Every structure is written in structure tokens, then in C-alpha cells.
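Right, one structure below, let's go through it.
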Amino acid sequence: MTAQPSRRRPLVLVPRSDDTAEAVVHQWDPEAQLVGALMHLPVSTVAPILTVVPDSAIWLPDTRWAMEIIRHLVTHNIEPDPVTLLHTARGRGPFTSGEWPVSARRHHRFALHLAHLYTQAVSPALVRQFAREVLEDAFRRAVGAYGARLAQMAENGAGRDELAHCVSTMRTELADWWRRTEAARPAVSNP
């Protein structure tokens, strides 16, 4: 009797369900949608959005890097398309990294991120809605951060003056986020 050749099926990578869920959530993330939409729009449409949405409203590091580059390009009246962003990124690393110029590996990873943002943008026409959602998220993060800081200060015996100063600073920052969020409200068209 002769042995039959083994019939192995090719190895197929099947994502875990939590990986798939995370990918879907990231795809529909307002930050990703905002930055992806901005890359589809002309400078004249992007500039007003950038006056309302600061780079600090973007939480994810590579998405924030893209936003920083978009701001730089728009300041110089250059269309923020993905190719121009990628070319600019080669010599302009993320503000927070201090990595200038950017390594080839990092640049490649950023290219893939930009491609994802650009191709997954649902509709550039919804850019103001995405901006508002990003600002609402930034407001919530600020509330959480100040809440944790105030609790930590109170638990560690901070004085009333120090606590009051922190509350005052918090109110000022939250009021700014609130104003920005309202300024990003999409215009309602009357039929």
C-alpha cells in the first residue's frame, strides 16, 4: 500500500473577532473620518475647519501627525492631498516625537496610515460633523483628565487655593472646547 500525499490546506489568517471589531471602530472613528475628509478637500474648505479644530483635539498619534502636516500645508496655501502629505512627512516628523527627518520604516508606516485614512473617508461633505464629533470627544477627554487630576490632588491633601486654581483652569479650558464644538456645528439648510 502506498502512502497518499498529505492534502494540507493552505494557511489562512483569520482575524480574531476583537481585532475585526477594533478595525471597524477605528475605521468609523471621527478623527480618522475628519482627517480623511480633509485630504479630499481644497485649501479654501479646509482652512475654516482648522481654525476650529486644534491639533490637540486629535488623540491618535499618527492621525495627529497627519493633522499637523495638513495645518502646515494649508498655512502655505498647498492642497492637503495624501501624496503631498506623505512627501512633507519625510522631513517633518510628528511634533511630539522630535524625529526629523523621519526614518524610512516610520515613513512607510505613515504612508499606510494615510492611505487608510484617505480611502476610508465616508464623505468629505460631512467634514463639519466629523469636526464637531472630534471636538466633543476632546471635551470629554478634558473632563476626564481634570476629574482624575482633581481627585488625585484632593486625595493628596492639596490646598483650597491650589484646588480652586485647577477648577478655574478647567472651566476656562472646557469653555474653550465648548465654544469650538458649537462653532463646528454644521449649518442647517432651509428647504
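Looking only at residues in segment 43-79 that are among the polar types (S, T, N, Q) and touching a helix residue (DSSP H, G or I) at 6+ places or on another chain (Cβ under 6 Å), the one that is farthest from D29 (Cα to Cα) is N77. How do the pairs read when you match residues in segment 65-86 that are within 16 Å of L112 (Cα to Cα) with residues anywhere that are small (G, A, S) and outside any helix (DSSP H, G or I), using Cβ under 9 Å and keeping only pairs 6 or more apart or on different chains? Going by the 9 Å Cβ cut-off, the qualifying pairs are W65/G93; W65/S97. Tell me, please, whether a residue that is among the small types (G, A, S), over 14 Å from L38 (Cβ atoms) and surrounded by 14 or more Cβ atoms within 10 Å (Cβ to Cβ) can be found in segment 115-137. So far as segment 115-137 goes, no, none of its residues is among the small types (G, A, S), over 14 Å from L38 (Cβ atoms) and surrounded by 14 or more Cβ atoms within 10 Å (Cβ to Cβ).
The set of residues in segment 73-95 that are in a helix (DSSP H, G or I), more than 16 Å from the chain's Cα centre (by Cα) and of a type outside the set (G, A, S) comprises L73, V74, T75, V83, T84, L86, H87, T88, R90. Among the residues of this structure, A32 does not count as one that is of a type in the set (G, A, S), surrounded by 12 or more Cβ atoms within 10 Å (Cβ to Cβ) and at pLDDT below 95. Here S56 clears all of (1) crowded, with 18+ Cβ neighbours inside 10 Å; (2) touching a residue at least 60 places away in the same chain (Cβ under 8 Å); (3) within 27 Å of E182 (Cα to Cα) except the condition numbered (1).
The values are calculated or read from the model by the stated rules, or taken from the named source; none is laboratory data. Quick caveat, the model's predicted, so the values are computed rather than measured. Here Cβ is always computed from backbone atoms with ideal geometry, including for glycine, and neighbour counts include all displayed protein chains.
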